[in-house]
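Worksheet: the structure to be examined is printed underneath.
The values are calculated or read from the model by the stated rules, or taken from the named source; none is laboratory data. Since the model is a prediction, treat every value here as computed from it, not as a measurement. Glycine gets a Cβ as well: all are built from the backbone with ideal geometry, and neighbour counts include every protein chain shown.
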Amino acid sequence: MKPLKIKISAFGPYKTCIDIDFEMLGESGIFLITGDTGAGKTTIFDSISFALFGEVSGSNRPVPSVRSDFADNDTETFVELEFTHKNKKYKIRRNPAYERTKKRGEGTTKTSADASLEYDDKVISGTKNVDIKIEEILGINSKQFKQISMLAQGEFLKILFAESKDRTEIFRRIFDTDIYNQIAKRLADKTRIAKAELEQLKDYFAINSSNIVWKDGIQSVQPKDVNELFIQEILEKLQQEIKINSEQFEKCQEQISKQSDENSKIEKEIMAQKDKNDKIDRCQKLQEEQKVLQEKQEDIKQKEILIQKSQEIINKILPKEDKKKELEKEISQKQKVLQDISEKIELGKKKEEKFKQILELIEIIKVQFQKYSELKDGKTELEDKIKKLQVIIKEQENKKIASENAQKLEVEWEKLSTEVLEKEKEFFKEQAGILAEKLKENEPCPVCGSLHHPNLAIKSTSVLTKEELDNLKEKEEKSRKTLTDATNKVTEINSKIETLIKEFGEKPDVELYNKKYLEISEELEKAYNQLNDNYKQIMLKDIVIESFEYDIFKEKITNKISKEREEFLKLQTQQEENKKQIDELLQKQEKAQNDYQNTLKELGFENEEQYKKSVLNNLQIEIFSKEIEKYKTDVTINATKLEEIQKEIKGFEKVDLTAKIQEFNNKKQKLEDMRKQQMEYHRIFENNNRILVDLQTNSKKLDSKIKEFTMVEDLSKIANGTVYGKRRIEFEQFVQASYFDMVIIEANKRLLKMTDNRFLLVRKESSERVSDKIGLELEVIDNYNGKRRDVKSLSGGEAFKAALSLALGLSDVIQSYSGGIVVDTMFIDEGFGSLDTESREQAINTLNQLTDNHKLIGIISHVTELKERIDKKIIVTKSTEGSKITVES
C-alpha cells in the first residue's frame, strides 16, 4: 500500500482541511516529517490508519477524540485517502462519530460514523462493509498494519531491552501466540481434573471394598491402599467369599423345604378336626334355636287374629274418615287464599295514598328545580369571570419574576463586559512575553532575526491566553444575548396583561367576585339540599337532580295509581267468590262428620277415642305382619339346617386341639427363623456380588484413568516447562523463540551494515540455574573482541541502531506471515537524536537500501541535522489557530 494524496479535515491539531500530495515526494526514498513537539507529526500516520481501518496508532488516542478542538462549527471532520495497491488505485473517505454545537438554538447535534470506498467504478458504503473490503484488499488488519508500517522508538526499544517475561507479553500481542499459552493452561487444568477424577475413583474403590461382608466381618480400606495389585487380590478373595455365600444359601433352602412340608401336614390334621368340632357346635346351636321358636308359637297365633279383626273394622270406617279429612284440608286452603287477598287489598289502599302524596311533592319540586337551575347558571357565569381574573393575576406574577430576572442578568452582563475590556488591555500588553515563550536558541527571532536571545521578555502568570480571552468574550456575548431575551420577555408579558384586562371589560376586583361567588354557592347548596330531601321522600335515590323531567315523572305516577285501582277491584271480586266457596265446603264437611259418627256407633264404639284404642293402626299391622312372616321363615330354615347337620356329624367325636396347635406354632416359628437366615445369606450374596461387578467394571476405568493422567501430566509438564531436571521453556516461549530467531536473522542484515560489521544480535539459550525460564533473552556479539554481552550495555546510539534493526526485522517477519503482503510505505517515529553523525549516516543508508524496491520511508523527527540531510520534507507548523502543513520535494 502506497499513499498518493490525503485530505485531513478538522482532525487532531488541524483546524481546516489540509492536503498532502505524497506523489511530490517521489516513487521511493526517504522523506522527513518535521515540526515542533505536539504540532501533529504523528497525526499524519494516525490519519492514514484512521482512513483505512477507523483506528489511530496510539493506544491513548481514542477515535471519538480525533475531532479538532480548533475546528469551526461548520467544518466537517473527515479523512480522504487516495492510495495504490498492486498497481490499482483506491480512494477511501471516512469520518468518525462526533458532536458539534447546533447552528441554530442551544445544545449539540451528533454526526454518525461513516465510510465509503471507490475503485474500478465501484462504490462501497457503510463503515462495516468498507472495513471488511479494506482487510480483503490489503490482506492485513489494523493491528498488523501498525506493526508493519509504524516503527515508534518507544515501542521497538521496549522489544530490545525487555526482560524475557516482558518480551513474552510483547510477542504474544504481535504474533498472537496466546493460543499456545492457553493450550498450556488447558493441559494444566486437564491434569488437575484427571488427578481429581483418579482420586475420586480410588475413594470409590476404598468405600466399596470397605462394604464387603466377609465371614470374619467388615474390613476398612483406605484410598492410599488402592492400587492394581490390591484390586487383583481383593477380586480373587471376593469371588471365593461369594461362592461360600451361595453354598450357605442353598443349604438353608433345603432345610426350609423339609420343615415347610412337615408344617403343612400338621396344619391339615388340625384343620380337619377343627371342622368336625365346628359342625358339632353348630348342631347344638340349631337345637337351642328350635326350642325358642316353639315357645313363641302361641304369641304369633294371637297377633294373627288381632290383625284380621282390625282390618275388617278399618275397611268400613276408613272411607268415611278419608272424606272428612279431605274436606277439612280443602277448607283450610281456601281460608289461606282469602287471607292473602285481604292483605293485598289493604296494601293497595296504602300505595294509592302514597302515590297521591308523591304527586303533591312533584308540584313543589317543579318550583324548586326552576330556582336551582337559575342559581346554577349564575354560578357558572361567575366561575368564567373568576378564571379570567386568575389568568390576569398569574401574568402579573410572571411579570414581576421576569423583571427581577432581567435586573439580575443586567448586573451580570455589566460585570462581564467590564472584565473583558480589562483583560483585553492586559493581553495586548503581554504579546512580547508570549512571543518570547516560543523562541529557541540558534533559531532566528521573527521580529529581529537574532539567533541568540539573552534577555527574553517574561510573560505574566496572571494574563489570560488568547484561548482564555476568547472564551471570556464568548461568555460575555452569551450573557448579553440572555439579557436581551429576558427584557423582551418582560415586554411581551406586559402587552399580554393589557389585552386580558381589555377583554375582561371592567376593573378586576378579586375580593368583590369572590364574595359574590361565596353567596351564590351558599344559595345553590341550600336549593340543592331542599331538592335532595324531596327526592328522597318520593324515593328517587338514583335520579340526578340536573336531569329531572317533571311531566314524564308525573305521568308515570298517575299511571301507577290507575293500575293499583284496577288491581284493587279485581281482588275484591276474588274475595267475594272465595267466601262463597268456603260456605259450601263447610256444609259438606258437616254432613261427612255425621256419616263418620254414625258408622262408629254401628260398629259398637261410643266415640273416636275408643275406636283408636281398640283397633291396630296401619303401622302396627305392618310390624306384626313382618314379625309373623319372619317367624314362619325362621322355623322352616331351622328345620332344614338341623336335618342336614345331623346327617353330617353322624359318627363324629369332639376333640381338644390345644396341644396340637401349640406344637404347630412352635414349628412355624422355627420355619420363620430359617427364612430370616436365608434372607441374610441372600443379602450378603447380593451385596458382595454387586460390589464384585462394580469393582470389575471400575478396575478398567481406573486403569484407563491412570494412563490418561500420566499422559496429560507429561504433556502439561512439557508445555508449562516443569519437566524435572530440564530447562524451563514453556510451549508459547518455544513458538515465540522460533519467531524471534527469524526476526534476529532479518535484524542482523541491517545491524551489520549500520555498525560496520561490529555487532550481531543473538538469542541467549542457556542459564546458570535449571529452574530459570529461558528462550527470549537477547545478547549482542561484539566482533571486535568476539565476546557476548547484554544488549543493555550498548550506548544510546548503538541501542537505537539495534532497536531499529530489530523493528525492521520484525516488520519483515510480520509481512511474511501476512500472506507475503508488501507495504510500500513505512514510518519511523523519532530516535535519531541519540546518533552521532556517522551512525546517523549509516542508519539513513540502511533505510535508503530499503527504498530500492520502490518503498517510501517517512522519518518523524525534529532533529535539525536530518532537516539538512533529507531534502524531501513534510513540515508541520503549530499555531494558536491549529497546525498547518507544507511539502518540500
Tally, over the range 110-121, of residues that are modelled with pLDDT under 90 and either surrounded by 12 or more Cβ atoms within 10 Å (Cβ to Cβ) or in contact with a Leu (Cβ under 8 Å, 6 or more places away or on another chain) (or both): 1
Of residues in the range 9-47 being in a helix (DSSP H, G or I), touching a Ser or Thr at 6+ places or on another chain (Cβ under 8 Å) and among the aliphatic types (A, V, I, L, M), the one surrounded by the fewest Cβ atoms within 10 Å (Cβ to Cβ): Met24
Residue that is farthest from Ser28 (Cα to Cα) [pool: residues in the range 831-871 that are surrounded by fewer than 17 Cβ atoms within 10 Å (Cβ to Cβ) and either modelled with pLDDT under 75 or basic (Lys, Arg) (or both)]: Asp836
Residues satisfying the stated conditions in the range 843-889, i.e. more than 60 Å from the chain's Cα centre (by Cα) and part of a strand (DSSP E or B): Glu888
Residue match in the range 304-320 (condition: over 60 Å from the mean Cα position of the chain (by Cα) and closer than 30 Å to Glu653 by Cβ): no
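For (1) small (Gly, Ala, Ser); (2) exposed (fewer than 14 other Cβ atoms within 10 Å of the Cβ); (3) outside any helix (DSSP H, G or I), each residue gets a yes or a no:
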residue: Gln593; (1), (2), (3): no, no, no
residue: Phe605; (1), (2), (3): no, no, yes
residue: Lys612; (1), (2), (3): no, yes, no
residue: Lys626; (1), (2), (3): no, yes, no
residue: Asp634; (1), (2), (3): no, no, no
residue: Thr640; (1), (2), (3): no, yes, no
residue: Glu643; (1), (2), (3): no, yes, no
Qualifying residue in the range 501-511 (condition: farther than 30 Å from Val367 by Cα, small (Gly, Ala, Ser) and modelled with pLDDT under 80): yes
Single residue of the range 122-142 satisfying the filter (farther than 20 Å from Pro96 by Cα and in a helix (DSSP H, G or I)) that is modelled with the lowest pLDDT: Leu138
Tabulated pairs, the range 418-432, first in contact (Cβ under 8 Å) with a residue 60 or more places away in the chain, second surrounded by 11 or more Cβ atoms within 10 Å (Cβ to Cβ) and not β-branched (Val, Ile, Thr), C-beta under 6 angstrom, 6+ apart or interchain: none
Candidate set from the range 143-153 (those that are in contact with a strand residue (DSSP E or B) (Cβ under 8 Å, 6 or more places away or on another chain) and in a helix (DSSP H, G or I)); member that is farthest from Arg93 (Cα to Cα): Gln153
Within the range 389-404, tally of residues that are surrounded by fewer than 16 Cβ atoms within 10 Å (Cβ to Cβ) and charged (D, E, K, R): 4
Residue that is farthest from Gln255 (Cα to Cα) [pool: residues in the range 654-672 that are part of a loop (DSSP other than H, G, I, E, B) and in contact (Cβ under 8 Å) with a residue 40 or more places away in the chain]: Lys654
Residue list for the range 673-694, filter: more than 18 Å from Lys251 (Cβ to Cβ) and either among the acidic types (Asp, Glu) or free of Cβ contacts under 8 Å to residues at least 12 places away in the same chain (or both): Arg690, Val693, Asp694
Selection count, the range 143-165, where residues are of a type in the set (Ser, Thr, Tyr) and either in contact with a Gly (Cβ under 8 Å, 6 or more places away or on another chain) or modelled with pLDDT under 75 (or both): 1
Residue check, Ser495 hydroxyl-bearing (Ser, Thr, Tyr), assigned to a helix (DSSP H, G or I), surrounded by 12 or more Cβ atoms within 10 Å (Cβ to Cβ) and at pLDDT 85 or above: no
Gly348 being in a helix (DSSP H, G or I) and touching an Asp or Glu at 6+ places or on another chain (Cβ under 6 Å): yes
Residues being in contact (Cβ under 8 Å) with a residue 12 or more places away in the chain and either basic (Lys, Arg) or buried (at least 20 other Cβ atoms within 10 Å of the Cβ) (or both) - total across the range 72-91: 9
Hits in the range 680-715 - residues which are hydrophobic (A, V, I, L, M, F, W, C) and surrounded by 12 or more Cβ atoms within 10 Å (Cβ to Cβ): Ile684, Phe685, Ile691, Leu692, Leu695, Leu702, Ile706, Phe709, Met711, Val712, Leu715
Lone qualifier among Asp189, Asp166 - being under 39 Å from the mean Cα position of the chain (by Cα), assigned to a helix (DSSP H, G or I) and surrounded by fewer than 20 Cβ atoms within 10 Å (Cβ to Cβ): Asp189
Which numbered condition Lys320 misses (of (1) without any contact (Cβ under 8 Å) to a residue 12 or more places away in the chain; (2) touching a Ser or Thr at 6+ places or on another chain (Cβ under 9 Å)): (1)
Count of the range 362-415 residues which are touching a residue at least 60 places away in the same chain (Cβ under 8 Å) and within 16 Å of Glu498 (Cα to Cα): 9
Yes/no for Gly348 being closer than 30 Å to Lys579 by Cβ and in contact with a helix residue (DSSP H, G or I) (Cβ under 9 Å, 6 or more places away or on another chain): yes
Residue match in the range 348-363 (condition: within 30 Å of Leu518 (Cα to Cα), in the same structural domain as Tyr517 (by TED's automatic domain parsing) and surrounded by 12 or more Cβ atoms within 10 Å (Cβ to Cβ)): yes
Residue count for the range 86-121, restricted to those that are in a strand (DSSP E or B) and either aliphatic (A, V, I, L, M) or within 24 Å of Asp824 (Cα to Cα) (or both): 12
